[in-house]
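Notes for the one structure printed next.
The values are calculated or read from the model by the stated rules, or taken from the named source; none is laboratory data. Worth saying up front: this structure is predicted, and the values here are computed from it rather than measured. Cβ sites come from the backbone with ideal geometry, for glycine too, and all protein chains shown count toward neighbours. What goes into the accessible areas is simple: the full protein's heavy atoms, side chains included, and nothing from ligands, DNA or RNA. Shrake-Rupley method; radii C 1.70, N 1.55, O 1.52, S 1.80 Å.
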Amino acid sequence: MLKKPIIGISSSVIVDEAGSFAGYKRAYVNKDYVDAVVRAGGVPLIIPFTTDKEVIVSQVQIIDGLILSGGHDVSPYNYGQEPNPKLGETFPERDTYDMLLLEESKKRNIPILGICRGSQIINVAAGGTLYQDLSYADFVKIKHDQVDNPTQATHFVDLEEGTFLKNILGKEYKVNSFHHQIIKDVAPEFKVVAKSSDGVIESIEKITEDSFIIGVQWHPEMLSLNCEKSQEIFNSFVRKVIEYKK
């Protein structure tokens, strides 16, 4: 039997707000990521948060593919800006962790999928920038930070021909949306593959002979249980991981 590919999922830190362990820190990731990888035929491995580079190098040696999960705002100091008034909560140490995971994964040429914050990290790490809040982009016309159930899609994205996601999702696809930061300047090595109707960048990719990196601004893991096309993003990603292992 073929060995299933190990898909590393970046984690964060959450602090218990009440109960016997109030103030206690826990490493975590939303279970949707784990379930989507299992359904796709991969072996999910939650990568514990650390800023120890030697440990991160060793962590990446274990995995065959990387998913950068969502979370805090990306610190603007990563792209040479001071904080704007509407910047949300940042976690600079996690920026360091995610960027080290990304750097080491690139060195190994393993496939990478960034989701929401993960997509922004991919862009910033490669030299791109962000709008620190939707309100700083005067072209934004639709609601990008929905209050609906996470499993409910609320706005459409248009996908470019000849791209990885277009082959899965079709020309137009309805997504969920939970973000207030968006990509501003796209990193030179990446191309935009999806936008919302108001022009917000919803997906970027870099696909070459020895590199497979996709970033999506929405949360397909939350849609994947009830949406076949969203699950297919993970299915196709895991297949790509297997292909790159050969």
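Observations
- For region 65-75, backbone phi angles converted through the Karplus equation (6.51, -1.76, 1.60; θ = phi - 60°) give residue-by-residue couplings of x, 10, 10, 8, 7, x, x, 4, 4, 7, 4 Hz, Gly and Pro being listed as x.
- Taking amide H positions as modeled 1.01 Å from N, with prolines and chain starts lacking one, the residues under 5 Å from Ile46 and 5 or more places away or on another chain are Ile9.
- Among the listed pairs Lys3/Lys53; Lys3/Lys107; Lys53/Lys143, those whose Cα-Cα separation exceeds 32 Å are Lys53/Lys143.
- Rounded to whole Hz, the Karplus (6.51, -1.76, 1.60) HN-Hα couplings of region 179-189, x for glycine and proline: 8, 10, 9, 9, 5, 9, 8, 7, 4, x, 7
- Most to least packed among 231-241, 8-18 [average Cβ atoms within 10 Å]: 231-241, 8-18
- Per-q log10 I(q)/I(0), region 35-163, q = 0.12, 0.16, 0.18, 0.23 Å⁻¹ (Debye; single scatterer per alpha-carbon; no solvent): -0.57, -0.98, -1.18, -1.45
- Surface share of carbon and sulfur [accessible, 1.4 angstrom probe, percent] for region 130-246: 48 percent
- Prolate/oblate/rounded label for region 145-246 (Cα gyration tensor, a/c 1.5): oblate
- In sequence order, region 212-229 has phi-based couplings of 9, 9, 10, x, 10, 7, 8, 10, x, 5, 6, 8, 5, 5, 10, 10, 4, 5 Hz under the Karplus curve 6.51 cos²θ - 1.76 cosθ + 1.60, θ = phi - 60°, and Gly or Pro positions carry x.
- Relative contact order, percent, region 90-191 [alpha-carbon distance under 8 Å, six or more residues apart]: 32 percent
- Mean separation of Cα contacts under 8 Å, 6 or more apart, over the residue count of the chain: relative contact order %: 21 percent
- Accessible area (Å², per residue) of region 127-218, counting only protein heavy atoms and a probe of 1.4 Å: 44 Å²
- Rounded, prolate or oblate (a/c below 1.5 giving rounded, otherwise prolate when a/b exceeds b/c) for region 13-71 by Cα gyration tensor: oblate
- Helix-only mean residue ellipticity at 222 nm for the chain, each DSSP H run of n ≥ 4 adding -39500 (n - 2.57), per residue, nearest 500: -8500 deg cm²/dmol
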